[in-house]
1. Do we find that B:Phe208 is within 11 Å of chain A (Cβ to nearest Cβ) and aromatic (Phe, Trp, Tyr) in this structure?
2. Criterion first (β-branched (Val, Ile, Thr) and touching a Cys at 6+ places or on another chain (Cβ under 9 Å)) does B:Val130 satisfy it?
3. Please determine, by comparing only the residues of the stretch B:159-184 that are surrounded by 19 or more Cβ atoms within 10 Å (Cβ to Cβ) and more than 7 Å from chain A (Cβ to nearest Cβ), which one is nearest to A:Arg173 (Cα to Cα).
4. Would you mind telling me which numbered condition in (1) modelled with pLDDT of 95 or more; (2) surrounded by fewer than 24 Cβ atoms within 10 Å (Cβ to Cβ); (3) not basic (Lys, Arg) A:Gly50 fails?
5. Find the residue count for the stretch B:224-242, including only residues that are surrounded by fewer than 18 Cβ atoms within 10 Å (Cβ to Cβ) and either of a type in the set (A, V, I, L, M, F, W, C) or outside any helix (DSSP H, G or I) (or both).
6. For the stretch B:18-53, name all the residues that are within 12 Å of another protein chain (Cβ to nearest Cβ), farther than 30 Å from B:Leu114 by Cβ and in contact (Cβ under 8 Å) with a residue 12 or more places away in the chain.
7. Suppose we keep only residues that are basic (Lys, Arg) and loosely packed, with under 12 Cβ neighbours inside 10 Å within the stretch B:211-223. Which one would you say is nearest to the other protein chains (Cβ to nearest Cβ)?
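The values are calculated or read from the model by the stated rules, or taken from the named source; none is laboratory data. As the structure is a prediction and not an experimental result, all values here were calculated from the model. FYI the Cβ positions are ideal-geometry reconstructions off the backbone, even for glycines, and counts take in every protein chain you see.
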Amino acid sequence: MSGSEPRLAKVRALVAAEPAPDDVGALGTVGLLEQLCRAAVRALPADGAGISVMTANGVRGVAAASDPACVALEEVQFTLGEGPSVDAFAWRRPVLAPDLGAASSSRWPAYRTAAQQAGYCAAFAFPLQVGAARLGVLSIQRRSAGELSSEAVVQALTFAQVTVETLLDGQERTLPVTALTAFAPTPDPARDPTLDPTLDRALGSQFTVYQAQGMAMVDLGVSLADAMARLQAHAYASNRTLHEIARDIVAGRLRLEPDTP
Amino acid sequence: MPTVSRERLAEVFVEVADTLVADFDLIEFLGTVTARAAELVDVAAVGLLLADSNGQLQFMAASDERTRLLELFQLQHREGPCLDSFTSGIPVVNADLRRAAGRWPVFAPHATGLGFRSVHAIPLRLRDRVIGALNLFGTDTGNLGPDDVRVVQALADVATIGLLQEQTIHRAEILTEQLQGALNSRVVIEQAKGALARTHDVDVDQAFELLRRYARNHNRKLVDLAHTVLVDPTSVPDLTQRLGA
């Protein structure tokens, strides 16, 4: 554990050296995560970075990214249900796609097309995990094909570790863990864990998807899982993102019909 | 000199360093540390105290479970060699209990009453962070030599590193669970807002108001109610059935 300490300290310093976001509302945890994405782009041979928060039962949201194109590239994976971030989370290990044009990337046909259209040729995804528990994925994009050096992989993993620290520190501010409660947590029903407020805001657009899911469940008379599948199918068929479809549904501009295939 | 062989010494250190196991049990681990300390050096009893979240020392484990002895450990949250060592970060070694009544007016007579003549306290310390202390009692004075102190301090250091690592992992796991729980709760509430908005033909903000009012009036947790709306809507008909339907 102490062996990784100098690397962690270096990455923390790189993150701290990035200017804070202009948007005052994005300070706090999400502001730090945005600084981290930009620091990762600068330190690694990379053109974009994004942080997605995920849970095992299908919650997915983009917490921060170095630029809007990277937000879109994470979101498109949620629409399609495929891509390096989706796999890195499911497999609990880094997914390295140094050449999205290569046959090895053909397991994500739709994602690959979307990424290439956005001008990216390589994608690398690193799971955010603590022991058996998972928080999401740090993804790195590049406009030129090529492998990451082993040194760059180690540094990316260190960025992932600092991402986990940042997310957990933010969470701790909403409900502190003390020395002895770390060993014997007593669930306190009066104090439900709440989400870090900056994270809550950053995931706001993602929450629209879940509102639309609840609406589709009622409109179609199907289960929640089926409702999400129908939203994804509709987005894919109409060549739009899940978020666009969700916004239309929540605004009342779109209603899925029970007999629509 | 430590009374055990080099091989045994190595075994003990490996055992005490091994906290990163799936079924780690704090009390069992601390019990092992006290038992091994008593084995490595010639003392009559060993106890271990850890600081709680308020910085108060709490008795955690002992090599010997006699009630009167346990009291001796417990009263050290107010005075005694453990408190001194915990506060200063420096070991207390070979303190003569018969001459310590001025320093520890409650602790020293209690300890001599149990037949102890000397006491030692070794801080559980990593760099500038002290998390507790190891407490050793002897039945004669001056029974710990410099080598003994080095061995016990090394044992305390290894145990401290193990404890801090274990605590770091536990903290991370607890916070990860909380973050995931908070995310899931948020999503369930959004889904229920969507479902209620369609059922009652209102917007999502009004749907949230319906959900919140029902939760408050029926003294239910918002997230539990949201979950019920989604998986068992007929059990809350006045919320999930359309008015006039």
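1. Values: within 11 Å of chain A (Cβ to nearest Cβ): yes; aromatic (Phe, Trp, Tyr): yes.
Taking the combined requirement at face value, the residue satisfies it.
2. Details: β-branched (Val, Ile, Thr): yes; touching a Cys at 6+ places or on another chain (Cβ under 9 Å): no.
No.
3. Once the filter is applied, the top-ranked residue is B:Leu163.
4. (2) is the only condition that A:Gly50 fails.
5. Going through the stretch B:224-242 one residue at a time, the tally reaches 5.
6. Answer for the stretch B:18-53, where residues must be within 12 Å of another protein chain (Cβ to nearest Cβ), farther than 30 Å from B:Leu114 by Cβ and in contact (Cβ under 8 Å) with a residue 12 or more places away in the chain: B:Thr19, B:Leu20, B:Phe24.
7. Within the stretch B:211-223, the first condition is being basic (Lys, Arg), and the residues that meet it are B:212-213, B:216, B:220-221.
Filter once more, so that each one left must be loosely packed, with under 12 Cβ neighbours inside 10 Å: B:213, B:216.
Values: B:Arg213: 18, B:Arg216: 15 Å.
Ranking the qualifying residues of the stretch B:211-223, first place goes to B:Arg216.
A quick yes/no check of all residues on (1) at pLDDT below 90; (2) under 30 Å from A:Gln211 (Cα atoms); (3) touching a strand residue (DSSP E or B) at 6+ places or on another chain (Cβ under 9 Å); (4) acidic (Asp, Glu):
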{"position": "B:Ala133", "(1), (2), (3), (4)": "no, no, yes, no"}
{"position": "B:Asp140", "(1), (2), (3), (4)": "yes, no, yes, yes"}
{"position": "B:Arg150", "(1), (2), (3), (4)": "no, no, no, no"}
{"position": "B:Gly162", "(1), (2), (3), (4)": "yes, no, no, no"}
{"position": "B:Leu196", "(1), (2), (3), (4)": "no, yes, no, no"}
{"position": "B:Thr199", "(1), (2), (3), (4)": "no, yes, no, no"}
{"position": "B:Leu225", "(1), (2), (3), (4)": "no, yes, no, no"}
{"position": "B:Thr228", "(1), (2), (3), (4)": "no, yes, no, no"}
{"position": "B:Val231", "(1), (2), (3), (4)": "no, yes, no, no"}
